[in-house]
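First up is the structure itself, then whatever we jot down about it.
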Amino acid sequence: MINYIWLALIVIGILTALLQGKTDLVTTAAFDAANSAVELSIGLVGIMTLWLGLMKLAEASGIVRFIGRLLKPIMKRLFPQVPEDHPAMGSMVMNMAANLLGLGNAATPLGIKAMKELQELNEEKDTASNAMCMFLAINTASVTLVSTSVIAFRKAAGSVAPAEIIGPTIIASVIGTAVGIIAAKILEKISGKGGR
């Protein structure tokens, strides 16, 4: 669907330029945008490599597993319908720990795996379970200590202090996660399927 929207915007822009006789501006803007995209991408490579390397070290050194152990008691309360020893619990814990450290690339496959495992526990296969909805809400808000991607974008765009967003990001992601959890719990109660 988004491809059709982008195509429509491009076609409208080109038609507008043709009707106004300013096709040279479209060509110039296209080349300028392509040049800016390449410069931004090259600027991001170094920064992302550094941060992803540091985060990979955190994963290899056991920091991600340590955070996972810290999260386990909270997870039992958030997901009472998921057995503590079920593989879904482990995948969810590892996903959240990876997100916490800004390891989005590592978190995504763990999140997909967790959803598949939660689906195995789901009695109504055509409807998301409460555990699935709660996990999605938490995963979407995703408390993040170091937002490596945003820092990298800010640095590549020429920000003087690209890391100054760490504090506000932590606050916003904590509030977003809390709102997501509260909303999921309220909707769970409203639906009357608290045990699912």
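All of the numbers you see were taken from the coordinates with simple rules; none came from a lab. Note that the structure is predicted; figures quoted are calculated from it, not measured. Cβ sites come from the backbone with ideal geometry, for glycine too, and all protein chains shown count toward neighbours.
Any of Lys72/Lys189; Lys56/Lys185; Lys76/Lys155; Lys76/Lys189 with alpha carbons more than 29 Å apart? Name them for me. Going by Cα-Cα distance, Lys56/Lys185; Lys76/Lys155 fall outside the 29 Å limit. Backbone phi angles across the range 20-28, fed through the Karplus curve with coefficients 6.51, -1.76 and 1.60 (θ = phi - 60°), yield HN-Hα couplings of 8, x, 10, 5, 5, 5, 5, 4, 4 Hz in residue order; Gly and Pro are listed as x. Of Leu25, Leu100, the sequence from fewest to most neighbouring Cβ atoms within 10 angstrom is Leu25, Leu100.
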